[in-house]
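**Q** Structure provided below as structure tokens; questions to follow.
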Amino acid sequence: NAGVTQTPKFRVLKTGQSMTLLCAQDMNHEYMYWYRQDPGMGLRLIHYSVGEGTTAKGEVPDGYNVSRLKKQNFLLGLESAAPSQTSVYFCASSRTGRYNTQYFGPGTRLTVL
Amino acid sequence: GQSLEQPSEVTAVEGAIVQINCTYQTSGFYGLSWYQQHDGGAPTFLSYNGLDGLEETGRFSSFLSRSDSYGYLLLQELQMKDSASYFCAVRDRDDKIIFGKGTRLHILP
């Protein structure tokens, strides 16, 4: 099992460019999450999904969109990147919401110039 | 609003015991979890408390008091490899999992 994988690992964007971060899990988990991590801020939830075809807003959803067309994939999109979106992005999945055991991907380091 | 409070830094000596506290305020409560994160790495799950009391997993234990909206992570027989950041997290009634800002644990030889 690969667990949770994220693509790409690193990316540099210019302000206004768009990109999509891909998260994939092979554990048949229902729940998937996108977080961003900034120094001193911990992990902040951007969007999450409780099942295929569903998405919901987290704590800091503005400037991001997500899609969960397949159970194993959760995509995070930035339509018009801004320097404030420079961060490390983590994807996570969990079997259900009842159990808080989340499995995290290795992260994507994004820099917006 | 929802919030989790934990100390930003804790320092302890190798071989000792350290406790990291977490207080929370959320809309609904469905369990408290703890995660460990080494520099440059991803968070990894350590422990979960759904009910009041103590959960023990090897050198790590976690405690929850729902009436006090309080929990702690206890690390025993500290090793240098335990130097990391530790996060508490809660699941609320909307299935959002919210993390605290993390406690950086420094271990002195």
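Throughout, read-outs are computed from the coordinates displayed, never taken from laboratory work. Note that the coordinates shown come from a computational prediction; the quantities given were computed from them, not determined experimentally. Cβ sites come from the backbone with ideal geometry, for glycine too, and all protein chains shown count toward neighbours.
**Q** Taking R0 as 35 Å, what FRET efficiency do you get between A:ASN28 and A:VAL88 from their Cβ-Cβ distance, rounded to the nearest 0.05?
**A** It comes out at approximately 0.85.
**Q** For segment B:1-65 and segment A:1-44, what is the centre-to-centre distance using only Cα atoms, to the nearest Å?
**A** 23 Å
**Q** Among A:SER84, A:SER67, A:SER49, which one shows the biggest mean-square fluctuation in a GNM of chain A, springs joining Cα atoms closer than 10 Å?
**A** Judging by the Gaussian network model, the answer is A:SER84.
**Q** Here's something else I'd like to know. Looking at chain A as a GNM with Cα springs under 10 Å, which of A:MET19, A:MET41, A:MET32 has the largest mean-square fluctuation?
**A** Largest GNM mean-square fluctuation: A:MET41.
**Q** Give me, ordered by chain and number, the residues 5 or more places off A:GLN17 or on other chains with an amide H under 5 Å from its own placed amide H.
**A** A:ALA81
**Q** Highest GNM mean-square fluctuation, chain A, Cα pairs closer than 10 Å: which of A:LEU21, A:LEU75, A:LEU13?
**A** Answer for the Gaussian network model of chain A: A:LEU13.
**Q** Further question: Would you mind checking which residues have amide H under 5 Å from A:GLU59's amide H? H placed 1.01 Å from N; only 5 or more apart, or other chain.
**A** The list, which skips near neighbours in sequence, is A:LEU45, A:ILE46.
**Q** While we're on this one: Could you check the simple spin-label distance between B:SER8 and B:PHE29, using points 7 Å along Cα→Cβ, in nm with one decimal?
**A** 2.6 nm
**Q** For segment A:1-62, what mean projected area does the convex hull of the alpha carbons give, in nm²?
**A** 5.5 nm²
**Q** How high is the relative contact order of chain B, in percent, counting Cα pairs under 8 Å that sit 6 or more residues apart?
**A** About 36 percent, as a whole number.
**Q** Another question, if that's okay. Treating only the Cβ atoms of Lys and Arg (+1) and Asp and Glu (-1) as charged, compute the dipole magnitude of chain B about its Cα centre; round to the nearest 20 debye.
**A** 180 debye
**Q** In whole Hz, with x marking every Gly and Pro, tabulate ³J(HN,Hα) for segment A:76-93 from phi via Karplus 6.51 cos²θ - 1.76 cosθ + 1.60, θ = phi - 60°.
**A** For segment A:76-93, the Karplus-derived couplings read 10, x, 10, 6, 9, 5, 10, x, 5, 8, 5, 5, 9, 10, 10, 9, 9, 9 Hz, x marking Gly and Pro.
**Q** Between A:SER67 and A:LYS9, what is the label-to-label distance in nm when each label sits 7 Å out along the Cα-to-Cβ direction?
**A** The answer from the label model is 2.7 nm.
**Q** When N is the residue count of chain B, what does its C-alpha Rg come to as a fraction of 2.2 N^0.38 Å?
**A** 1.02
**Q** When the Kirkwood radius is taken over all Cα pairs of chain A, what Stokes-Einstein diffusion coefficient follows at 37 °C and 0.692 mPa s, in µm²/s?
**A** Here the translational diffusion coefficient equals 236 µm²/s.
**Q** Still on this structure, please answer the following. Quick one: net charge of A:ALA24's neighbours, Cβ under 13 Å, K/R +1, D/E -1?
**A** Residues close to A:ALA24 contribute a combined charge of +2.
**Q** Over the protein assembly as shown, how many percent of alpha carbon pairs lie in each 5 Å bin up to the one with the longest distance?
**A** Answer for the protein assembly as shown: a P(r) of 1, 7, 15, 19, 19, 16, 12, 7, 3, 1, 0 percent.
**Q** Using a Förster distance of 35 angstrom, determine the FRET efficiency expected from the C-beta separation of A:THR54 and B:TYR70, and round it to 0.05.
**A** 0.60
**Q** When the Karplus curve 6.51 cos²θ - 1.76 cosθ + 1.60 is applied with θ = phi - 60°, which whole-Hz ³J(HN,Hα) does each residue of segment B:8-22 get, with x for Gly and Pro?
**A** 6, 8, 9, 10, 8, 9, 3, x, 8, 10, 9, 10, 10, 8, 8
**Q** Could you line up A:VAL4, B:VAL13, B:VAL18 from fewest to most neighbouring Cβ atoms inside 10 Å?
**A** The most exposed by this proxy come first: B:VAL13, B:VAL18, A:VAL4.
**Q** Determine ³J(HN,Hα), in whole Hz, for all residues of segment B:88-105 in sequence, where each value follows from phi through the Karplus function 6.51 cos²θ - 1.76 cosθ + 1.60 and θ = phi - 60°; x replaces Gly and Pro.
**A** Result, rounded to whole Hz: 9, 8, 10, 9, 9, 5, 8, 6, 6, 10, 10, 9, x, 7, x, 10, 8, 9.
**Q** Within segment A:20-113, list the GluC sites (Glu not before Pro) lying in a DSSP loop whose Cβ has at most 14 other Cβ atoms in a 10 Å radius.
**A** A:GLU52, A:GLU79
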